[in-house]
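Asks: Input: one structure, supplied below.
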Amino acid sequence: MQQINGRSRILRALGFLSPYWKNVILILFLTLLTSAVNSVEPMVQKLLIDALTTGGSTVRYAQSLMGSVMLTIALLVLLAIARETVGGLSNYLSWRLRLRTNHKILDSAVGKIYSLSLSFHQNETIGSIMTRLDRGITGFSSVLFDITLTLLPSLLYLACTIVFMFMMDARLAWVALFFAPLPALIGIRSSKISAEREKQLLSRWMCIYSRFHEGLNLIKTVKSFLLENGEQKRFLNAVEDTNELVRSGVKIDAKYNFLKDICMDAGRLAVLSYGAYLIVHHEITIGTLVAFLAYTGSLFGPMLGLAGMYETLRKARVYVDTIFDIIDTADSVSDRTDAREMPTVRGAIEFDHVAFAYRGDRPVLKDTCFQVQPGSMVALVGPSGSGKTTIVDLLNRFYDPQIGRVLLDGVDVRELKQKSLRSHIGMVLQDTALFNDTIKNNIACARPDASDDEIARAARAAGADRFIEKKPEGYATQVGERGVLLSGGERQRIAIARAILKDPQIFIFDEASSNLDAESEELVQQAITELAKTKTVFVIAHRLSTIRKADLILVLRGGEIVEQGRHDELVEKGGLYHKLVAVQAISLHSDTIQSSDFDAVAPSD
Ligand code: ADP
């Protein structure tokens, strides 16, 4: 079954060449032509040598000999020109084709990687994805070409050579053919080992680059905990271990190569000895022996090429699997075949008895029910880990609940195309990361067709215009990787401007509390309040001033909504929220509800 799967994947891989079939045929034709020219050359050499070595001493004979020598040399020159021209052209065309197919394979793989749900990305490291993509694509396209462009030319060359050899002398042909397959058989044996090694190397490089990528991502932590040397050592040790594998492979290859060379030398020597014997007994000409020696030498190449096909196919399995494992990844969240667009929405949200677990039977949300009217503001309040982010992630359909439904304007979000659903939602995350680009492009990525005026308006609404205009390069300021050249508050406001420019009906704010200065905090607050007048706004809220304004407060604890309602209602109810507000009123951190406050008013189990 696995083998059938492997074979069908190789056929699918060949399918990447199908749009360029005319090119493939042209390249194949040119390669076959080169093979044919190569196999004819020794025959012409034989004619030349035979002409030179057959007796005759008259002047007429000498003149006719000069004529045929000139003719054969001219023929050899023509053959060499043809071989080089056709070979060069087919080489150029096959590289061009390789780049095109690489582009197509990359397109499929990268498209798939971006389309895969968060579950995939949370389980895979970026380093491993990059290594699989990089090594997979390079190996994948080279085996694709090896399979397509080696098999047929090698077969043609072998067929022509064998025919020519038997035409010249069957006895010598059998001697040459006896030795020809031996190096190929050794090649098959060594290829099994090297394909296995290839697989191990791929997985080792994946691990090495995953860790390296992680280290670079956490560069501040690495530096502050003085982990640089440790990480470098770890990296180099892993590379050294991998090199050890390569070194032992080189040794094994050298052993097999030695055996292969010995067999080839033995073949050439056997043909030379037997051929010499036949010449002494006047059974063949010197030209025949010279041609035979050339054919015997060049017989091994295609034979090894064909035996190498076995290795190539085994390697192909490794690379083809690497790429198709990505392309064929079954996604936990995907558009249904009948999924539809929703061009406009009002922004009414309902969670209808939603239960969700990331893994197994450890529920993160339990029987969650709430309704949000269009244009209202919802504050999600609860200690860290209580499920606030999970709620907004389910609304975005980054995951699907195991039980219950998430409804947008009364429609189950699983009935909508993910792109259509997300086009109505603007997210501003607490841990805002920007692209390594200008401020303008970071805002405009929400709507690449936006005019400068619209971008400036969005920045103004987000309270970002003043700090942008103060920068010497204004909107053209580069923000650095993940926005490191800006402060947390500036990053946050650019992220808000981006969401405002997108102009969705629903906004989600993971309200940052810790990393904003007072001015930024005030501006972010104003922006949220302004948006809440016309849009449905979800705020993962820590500030009482924000929570107070909400039309609906959801108080979460341990994946359950323990209370919901408006500020006054909840205070009047005298429950958990009331206690929180009471603690908060006397605590030193005047406006911020923190996880510790929950523990103070109602310790968790
Ligand atoms: P909050 O936003 O209230 O801090 P979350 O919704 O982020 O809480 O997380 C709720 C629970 O789910 C936590 O226990 C957290 O550890 C767990 N969790 C969050 N994301 C994942 C994930 N991708 N895989 C497994 N568990 C997760």
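Asks: Would you confirm whether or not the range 106-119 contains a residue that is assigned to a helix (DSSP H, G or I) and farther than 30 Å from residue 359 by Cβ?
Replies: Within the range 106-119 (the criterion being assigned to a helix (DSSP H, G or I) and farther than 30 Å from residue 359 by Cβ), the answer is yes, since at least one residue qualifies.
Asks: Which residues, counting only those in the range 553-575, are within 17 Å of residue 387 (Cα to Cα) and surrounded by 17 or more Cβ atoms within 10 Å (Cβ to Cβ)?
Replies: 553, 554, 555, 556, 557, 559, 561, 563, 564
Asks: Now a separate question. For residue 49, state whether it is farther than 28 Å from residue 145 by Cα, at pLDDT 75 or above and part of a helix (DSSP H, G or I).
Replies: Spelling it out, residue 49 is indeed farther than 28 Å from residue 145 by Cα, at pLDDT 75 or above and part of a helix (DSSP H, G or I).
Asks: With the structure loaded, tell me whether residue 536 is at pLDDT 85 or above and among the hydroxyl-bearing types (Ser, Thr, Tyr) or whether it fails that test.
Replies: yes
Asks: Among 399, 358, which is touching an Asp or Glu at 6+ places or on another chain (Cβ under 8 Å) and either at pLDDT 90 or above or surrounded by fewer than 21 Cβ atoms within 10 Å (Cβ to Cβ) (or both)?
Replies: 399
Asks: Of (1) surrounded by 14 or more Cβ atoms within 10 Å (Cβ to Cβ); (2) more than 16 Å from the ligand (Cβ to nearest atom), residue 369 satisfies all except one. Which?
Replies: Condition not satisfied by residue 369: (1).
Asks: Is it the case that some residue within the range 488-498 is in contact with a Gly (Cβ under 7 Å, 6 or more places away or on another chain), crowded, with 19+ Cβ neighbours inside 10 Å and without any contact (Cβ under 8 Å) to a residue 60 or more places away in the chain?
Replies: yes
Asks: Something else now. Kindly indicate whether any position in the range 515-524 is buried (at least 21 other Cβ atoms within 10 Å of the Cβ) and at pLDDT 80 or above.
Replies: No: zero hits.
Asks: Here's a follow-up. For residue 367, work out the one condition from (1) out of contact with any His (no Cβ under 8 Å at 6 or more places or on another chain); (2) touching a residue at least 40 places away in the same chain (Cβ under 8 Å); (3) part of a strand (DSSP E or B) it doesn't fulfil.
Replies: Just one mismatch for residue 367, condition (1).
Asks: Being in contact (Cβ under 8 Å) with a residue 12 or more places away in the chain, among the hydrophobic types (A, V, I, L, M, F, W, C) and within 11 Å of the ligand (Cβ to nearest atom) is the requirement here; does residue 398 meet it?
Replies: Yes, satisfied.
Asks: Yes or no: the range 233-256 includes at least one residue that is among the small types (Gly, Ala, Ser), crowded, with 17+ Cβ neighbours inside 10 Å, under 29 Å from the mean Cα position of the chain (by Cα) and in a helix (DSSP H, G or I).
Replies: There is at least one residue in the range 233-256 that is among the small types (Gly, Ala, Ser), crowded, with 17+ Cβ neighbours inside 10 Å, under 29 Å from the mean Cα position of the chain (by Cα) and in a helix (DSSP H, G or I).
Asks: Let me ask something else about it. When you look at residue 39, is it in a helix (DSSP H, G or I), hydroxyl-bearing (Ser, Thr, Tyr), modelled with pLDDT of 80 or more and surrounded by fewer than 18 Cβ atoms within 10 Å (Cβ to Cβ), yes or no?
Replies: Judged against the criteria, residue 39 is not a match.
Asks: Could you tell me which of the residues 428, 484 is β-branched (Val, Ile, Thr), under 30 Å from residue 381 (Cα atoms) and surrounded by fewer than 22 Cβ atoms within 10 Å (Cβ to Cβ)?
Replies: Step by step, each of 428, 484 is checked, and only 484 is β-branched (Val, Ile, Thr), under 30 Å from residue 381 (Cα atoms) and surrounded by fewer than 22 Cβ atoms within 10 Å (Cβ to Cβ).
Asks: Right, next: Considering each of 209, 274 in turn, give the residue that is in contact with a Ser or Thr (Cβ under 8 Å, 6 or more places away or on another chain) and touching a residue at least 12 places away in the same chain (Cβ under 8 Å).
Replies: 209
Asks: Return the residue satisfying two criteria in turn: it lies in the range 377-390 and is in contact with a helix residue (DSSP H, G or I) (Cβ under 9 Å, 6 or more places away or on another chain), assigned to a loop (DSSP other than H, G, I, E, B) and surrounded by 18 or more Cβ atoms within 10 Å (Cβ to Cβ), and of such residues it is modelled with the highest pLDDT.
Replies: The selected residue is 386.
Asks: Can you tell me which residue within the range 401-426, out of those that are within 16 Å of the ligand (Cβ to nearest atom) and in contact with a helix residue (DSSP H, G or I) (Cβ under 7 Å, 6 or more places away or on another chain), is nearest to residue 355 (Cα to Cα)?
Replies: Ranking the candidates gives 401 first.
Asks: Output the residues belonging to the range 349-359 that are over 16 Å from residue 420 (Cα atoms) and more than 10 Å from the ligand (Cβ to nearest atom).
Replies: Listed by number, the residues that qualify are 350, 351, 352, 353, 354, 355.
Asks: Ok, one more. Please give the helices (runs of 4 or more DSSP H) falling wholly within the range 451-561 in which 2 or more residues are farther than 20 Å from residue 580 by Cα and touching a helix residue (DSSP H, G or I) at 6+ places or on another chain (Cβ under 6 Å).
Replies: Correct list: 452-461, 465-470, 488-502, 518-532.
Asks: Sort out for me the helices (runs of 4 or more DSSP H) sitting completely within the range 169-225 that have 1 or more residues that are modelled with pLDDT under 85 and in contact with a helix residue (DSSP H, G or I) (Cβ under 6 Å, 6 or more places away or on another chain).
Replies: Fully inside the range 169-225 and qualifying: 181-217, 219-224.
Asks: Further, regarding this structure: Just one of 346, 336, 314 is outside any strand (DSSP E or B), of a type in the set (D, E, K, R), away from the ligand (no atom under 16 Å from the Cβ) and in contact with a Pro (Cβ under 8 Å, 6 or more places away or on another chain); which is it?
Replies: 346
Asks: If you don't mind, there's one more thing I want to ask. In the set 393, 335, which member is surrounded by 16 or more Cβ atoms within 10 Å (Cβ to Cβ), charged (D, E, K, R) and either over 32 Å from the mean Cα position of the chain (by Cα) or within 20 Å of residue 507 (Cβ to Cβ) (or both)?
Replies: On inspection, the qualifying residue turns out to be 393.
Asks: Please determine whether any residue of the range 257-264 is in contact (Cβ under 8 Å) with a residue 60 or more places away in the chain and either among the aromatic types (Phe, Trp, Tyr) or assigned to a loop (DSSP other than H, G, I, E, B) (or both).
Replies: For the range 257-264, residues in contact (Cβ under 8 Å) with a residue 60 or more places away in the chain and either among the aromatic types (Phe, Trp, Tyr) or assigned to a loop (DSSP other than H, G, I, E, B) (or both): absent.
Asks: Now for a different question. Can you name every residue in the range 134-148 that is in contact (Cβ under 8 Å) with a residue 60 or more places away in the chain and surrounded by 19 or more Cβ atoms within 10 Å (Cβ to Cβ)?
Replies: 135, 136, 137, 139, 140, 143, 144
Asks: The conditions are (1) within 16 Å of the ligand (Cβ to nearest atom); (2) at pLDDT 90 or above; (3) not hydroxyl-bearing (Ser, Thr, Tyr), and residue 429 fails exactly one of them. Which is it?
Replies: Failed condition: (2).
Asks: Return the pairs, sorted by first residue and then second, in which the second residue is in a helix (DSSP H, G or I), the first residue lies in the range 69-88 and is among the small types (Gly, Ala, Ser), the beta carbons are less than 7 Å apart, and the residues are 6+ apart or on different chains.
Replies: 82/37; 87/34
Asks: Criterion first (within 16 Å of the ligand (Cβ to nearest atom), modelled with pLDDT of 80 or more and of a type outside the set (Asp, Glu)) does residue 120 satisfy it?
Replies: Against the criterion (within 16 Å of the ligand (Cβ to nearest atom), modelled with pLDDT of 80 or more and of a type outside the set (Asp, Glu)), residue 120 qualifies.
The values are calculated or read from the model by the stated rules, or taken from the named source; none is laboratory data. These numbers were taken from a predicted model, which means no experiment stands behind them. Backbone-built Cβ (ideal geometry, glycine too); neighbour counts: all protein chains shown.
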